[in-house]
Amino acid sequence: MKIRSDIVAVYREVHSWAGILAGLFLFVAFYAGAVSMFEQPLQNWLTPPTGLPAPVPLDRTPELMEKTFAAFPEARAHYTVVLAPDRMRPGRLMWPKGPGGHGHGPAVIMAAALAPDGTAVTVTQAPSEAVHFIDELHQKIGLPLPHEVAMPIMGVVALVYAVALVSGVIAFLPALTRTLFAVRLEGGRSRAWLDLHNLFGFFSLPFHVVMAVTSVVFAFHEQIFAVQGHLFHQDRVAHVRIAAMPQAAPLAPRAVVDALARQAPGFVPDTLEYAMRPMGPGGGKLTLRVAGHDVRFGLRGSVSGFATLDPYTGRVISADYLPGRQSTGFAIVTAFFALHFGSYGGAPVRWGYLVLGFGGAFLFYTGNRLWIMARRRSERRRGMATDSRGTWILSRLTLGCTTGCMIGVAVVLVVAAMSSGPVPYAVVSASYYGVFVASVAASFCLAPRMGAPVLLLVAAASNLVLALVAMGRGARGLDISFGIAVTALLVAAGLMVPGWRSLTQMAAGTGER
Amino acid sequence: MTRARLDNRQWVAKLSAGIVPGCALALAVMAVVGALCHTTGSPMTLSAQFLMWLAGLVWVVVLSVCFLFRSGARAWAVLGAGSVALWLLFVILKIVAS
């Protein structure tokens, strides 16, 4: 592969600046994103049991609905029948408490069950906000800003990230054949970091390309659709699909499930969400949206594909997002979403994405390290005995932000796992940002050689605590605790190694500053 | 003829060209393709979703290649002229269609 040397030089420079601008944001996005691959199981894990009677069999759902709606008529407007109740969704029937419940994030829900004597029992459940907070941290690249403000910033970072990928490939291509598998751990520290960076970057390139392009679209889709709305004839929309005229009553959930099984075999429905359209044109009608999964296909959502059904006949009205039943075009669009969310292929892919996410975070860390080392080299050549202000700030920020993010995520999970009830958003947010800011402050305030060992070992310790807490919960028989404990232990071990090394270097007085 | 060596001295002008007329160009590509395939622009439809991805992708590509222009002025001229031409084409297509 022959590329003109001046072009390579241009893109090498573009790559280092783009990388340094986006690197730390991307570190947080990838680390939190890796954890959020298991958002649903973690949410389940952190939700305390409600004490609601065991869910009624699906066939008795109509009876449950009738009795519940008699007591809570407002629930008719928007309710969900849960096909496989769990801790997060403890009742066969549930509905959002108060207005909303249709936006992002977990809502306060009411769940209903039947007591042994046949009376309806309900419980109010506030969600644990910890895992959703980590997902938000991922989406907002670690910025404590409102969604509307953070999204465009995320979009800009994603654009910079895309440019960094393209320029990195161009800068790396000429050397590709020579150095791809050569991780020269012997020939000087910066060379080893460079080889690791190239190796990680090259082998996760498709993953990163998908992430960059999808993130740009996730950030700017509203604006782009707004432009489309101005450009094209929106009034010609012929897509309002209206369900058949209401007959007596909607089908029973069992009949809906059976009808769906006939039309989309292999699709496993998880929830049936009923909503009454508000009054107005086409209003006052009941709509039914089924969320479910199918490991054979990619899913549009992070855990679900969707189908719109006629609640009175069970006929599929829209299969645009129904895995396996989509048109080719929609399947292609869905593939992009599924590739971002890792919502295809089931658990193995999710574990793979966890590894790729942590690996991506490590890639950005190595990039920053390379940048700092290159600047130090040139500063020493110019005869400077100590780091310039820019190099010093960046090296401290790199240490503080990366360890701060890792400690913060571990602390959030520990706090949520130790508390007896659901943890409110403010508590989660305060503990994460408190830890994050403290870590950044520590990286600036500690003596140069002390920062790295202290923060790395604290990060390892926080993950060790998380592993212990998880094992403690595992003793009470919660099945994913073991997986969490092992993952946290591996992360702790991964941090312990460089932490220990920098500690011994500090003792010997040779440490990296 | 040997071409001048490329460098990053005018990166501000080149990058801003990638951002401003680059964005206009990406949206113009979306507009022209959308007009040609008679999209309604409703986010529910497949065509609108494809066009949205197209715009994002074109912008990413433009931002990635804007450093290859010989000068910042040239970047602004090429990307600006390209987007003006495509927007004109879109207007013509709209007039023809109506």
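For this structure, a couple of remarks:
- Among the trypsin sites (Lys or Arg not before Pro) in the range B:1-76, those placed in a DSSP loop whose Cβ has at most 14 other Cβ atoms within 10 Å are B:ARG3, B:ARG5, B:ARG9, B:ARG70.
- Sparse-neighbour loop sites [trypsin sites (Lys or Arg not before Pro); the range A:412-483; at most 14 other C-beta within 10 Å; DSSP]: A:ARG476
- Dipole of chain B, positive end: most advanced residue of B:SER42, B:VAL12, B:LEU88 [Cβ charges, Cα centre]: B:VAL12
- Scaling the Cα radius of gyration of chain A by the globular reference 2.2 N^0.38 Å produces a ratio of 1.10.
- Taken about its Cα centre, the protein assembly as shown carries a charge dipole of about 2120 debye when Lys and Arg each add +1 at the Cβ and Asp and Glu each add -1 at the Cβ.
- Note, ³J(HN,Hα) from phi for the range A:417-427, Karplus 6.51, -1.76, 1.60, rounded to Hz, x at Gly and Pro: 6, 7, 6, 7, x, x, 8, x, 4, 4, 5
- Positive dipole terminus of the protein assembly as shown, leading residue within A:VAL123, A:MET110, A:TYR433 (C-beta point charges): A:TYR433
- Residues of type lysines that A:LYS285 reaches as a straight line, Cα spacing below 18 Å, ignoring anything fewer than 8 places off in the same chain: none
- The mean number of partner chain beta-carbon atoms within 10 angstrom of a residue's beta-carbon across peptide A:326-336 is 2.
- Of A:ILE372, B:ILE95, A:ILE317, A:ILE332, the sequence from fewest to most neighbouring Cβ atoms within 10 angstrom is B:ILE95, A:ILE332, A:ILE317, A:ILE372.
- Peptide-level mean, for B:54-64, of C-beta atoms on other protein chains within 10 Å: 6
- Rg/Rh, computed from the Cα trace of the range A:53-169 with Rh as the Kirkwood radius, has the value 1.20.
- Compared with the dominant principal axis of the Cα atoms in chain A, helix A:253-263 is inclined by about 70°.
- J(HN,Hα) series, the range A:159-167, from Karplus relation 6.51 cos²θ - 1.76 cosθ + 1.60, nearest Hz, glycine and proline x: 5, 4, 4, 4, 4, 4, 5, 4, 5
- Loop trypsin sites (Lys or Arg not before Pro), the range A:333-406, which have at most 13 other Cβ atoms in a 10 Å radius of their Cβ (DSSP): A:ARG382
- Summarised as an ellipsoid, chain B has semi-axes of 30, 15, 9 Å, derived from the eigenvalues of the Cα gyration tensor scaled by 5 and square-rooted, with the largest first.
Since every read-out is calculated from the coordinates, none of them should be taken as a lab result. As the structure is a prediction and not an experimental result, all values here were calculated from the model. All Cβ positions, even for glycine, are placed from backbone atoms using ideal geometry, and neighbour counts span all protein chains on display.
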